[in-house]
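Shown next, in structure tokens, is the structure this report addresses.
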Amino acid sequence: TQLLEQSPQFLSIQEGENLTVYCNSSSVFSSLQWYRQEPGEGPVLLVTVVTGGEVKKLKRLTFQFGDARKDSSLHITAAQPGDTGLYLCAGAAGNSGYALNFGKGTSLLVTP
Amino acid sequence: NAGVMQNPRHLVRRRGQEARLRCSPMKGHSHVYWYRQLPEEGLKFMVYLQKENIIDESGMPKERFSAEFPKEGPSILRIQQVVRGDSAAYFCASSPYFEHSNTGELFFGEGSRLTVL
């Protein structure tokens, strides 16, 4: 099993602040996905990154895939209470891309 | 709601009973995946099915667990003789296809939460 370590585990910030959460592994992934999960709900895909060094932007969210395809980061600019949730990274290895390895997530709370 | 539908949302069973969890994929999706989320753990892949075929069950426990996706009707994850350690959230996901490039998007349902007393 290829482990994905997410940090921090919990993060509480005020509206308007910036933040970065990390997803690290000693293994190489063919692609890496970020999901957001609300309590009692299933994960919802935010982005997929495939190429080492790739940067993708989704409004105030910026995702980066490490050059070696072993790590990734998610940066949120000017966080809003609606950003509150559990952020999960998931890596796909080889040709079994559907057998995603998920991290335990970063639980983000944004207070007004 | 055209999303992935799972039921029941919550299921309580006593040790030794059977649990059946159902999943209807998104319209037009023919690939179904089951994942399990244990307390304090990340989601873990269990099984990948297409209609009437199990493609990959490498994540399924060897005993008591089985899955099917019949030609008609939902996919079913069946757990026989449940034990307390089976208490978890079971998520189903679907996709229209899975490219070899492994960038396919999985659409997850809201999950079925099994509690074993």
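The values are calculated or read from the model by the stated rules, or taken from the named source; none is laboratory data. Small disclaimer: the values here were computed from a predicted structure and weren't measured. With ideal geometry, Cβ positions are generated from the backbone for all residues, glycine too; neighbour counts draw on all protein chains shown.
Okay, residues lined up against (1) touching a strand residue (DSSP E or B) at 6+ places or on another chain (Cβ under 6 Å); (2) surrounded by fewer than 15 Cβ atoms within 10 Å (Cβ to Cβ); (3) modelled with pLDDT of 95 or more:
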{"residue": "A:LEU3", "(1), (2), (3)": "no, yes, no"}
{"residue": "A:PHE10", "(1), (2), (3)": "yes, yes, yes"}
{"residue": "A:ASN18", "(1), (2), (3)": "no, yes, yes"}
{"residue": "A:PHE29", "(1), (2), (3)": "yes, no, no"}
{"residue": "A:LEU45", "(1), (2), (3)": "yes, no, no"}
{"residue": "A:THR48", "(1), (2), (3)": "yes, no, no"}
{"residue": "A:LEU61", "(1), (2), (3)": "yes, no, yes"}
{"residue": "A:ARG69", "(1), (2), (3)": "no, no, no"}
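When A:ALA79, A:ALA90 are checked against the criterion of being closer than 30 Å to B:ARG9 by Cα, out of contact with any His (no Cβ under 7 Å at 6 or more places or on another chain) and of a type in the set (A, V, I, L, M), A:ALA90 stands alone in meeting it. So, B:GLY85, is that one more than 11 Å from chain A (Cβ to nearest Cβ) and not in a loop (DSSP other than H, G, I, E, B) or not? So B:GLY85 passes the test.
Residue count for the stretch B:12-41 satisfying the condition of being surrounded by fewer than 20 Cβ atoms within 10 Å (Cβ to Cβ) and touching a Gly at 6+ places or on another chain (Cβ under 7 Å): 1.
Of the strands (runs of 3 or more DSSP E) lying entirely inside the stretch A:1-56, the ones with 1 or more residues being farther than 12 Å from A:GLY105 by Cα and touching a Gly at 6+ places or on another chain (Cβ under 7 Å) are found at A:31-37. Could you check, for the stretch A:95-111, whether at least one of its residues is within 11 Å of the chain's Cα centre (by Cα), away from chain B (no Cβ under 14 Å), of a type in the set (A, V, I, L, M, F, W, C) and surrounded by fewer than 20 Cβ atoms within 10 Å (Cβ to Cβ)? No: zero hits. Residue pairs whose Cβ atoms lie under 7 Å apart, sitting 6 or more positions apart in sequence or on different chains, and linking a residue in the stretch B:19-41 that is in contact (Cβ under 8 Å) with a residue 60 or more places away in the chain and of a type in the set (Phe, Trp, Tyr) to a partner that is part of a loop (DSSP other than H, G, I, E, B) and crowded, with 17+ Cβ neighbours inside 10 Å, are B:TYR33/A:TYR98; B:TYR33/B:LEU106. Can you tell me which residue in the stretch B:94-117 is surrounded by the fewest Cβ atoms within 10 Å (Cβ to Cβ), limited to those that are assigned to a strand (DSSP E or B) and either modelled with pLDDT of 95 or more or more than 14 Å from chain A (Cβ to nearest Cβ) (or both)? Among those that are assigned to a strand (DSSP E or B) and either modelled with pLDDT of 95 or more or more than 14 Å from chain A (Cβ to nearest Cβ) (or both), it is B:THR115. Does B:PHE91 meet the test of being at pLDDT below 95, surrounded by 20 or more Cβ atoms within 10 Å (Cβ to Cβ) and not in a helix (DSSP H, G or I)? Answer is no for this residue.
Taking strands (runs of 3 or more DSSP E) as the structural unit, those lying wholly within the stretch B:1-42 and holding at least 3 residues that are within 11 Å of chain A (Cβ to nearest Cβ) and at negative phi correspond to B:31-37. Restricting the search to strands (runs of 3 or more DSSP E) fully inside the stretch A:58-102 and requiring at least 3 residues that are small (Gly, Ala, Ser) and within 17 Å of B:LEU43 (Cβ to Cβ) gives A:85-92.
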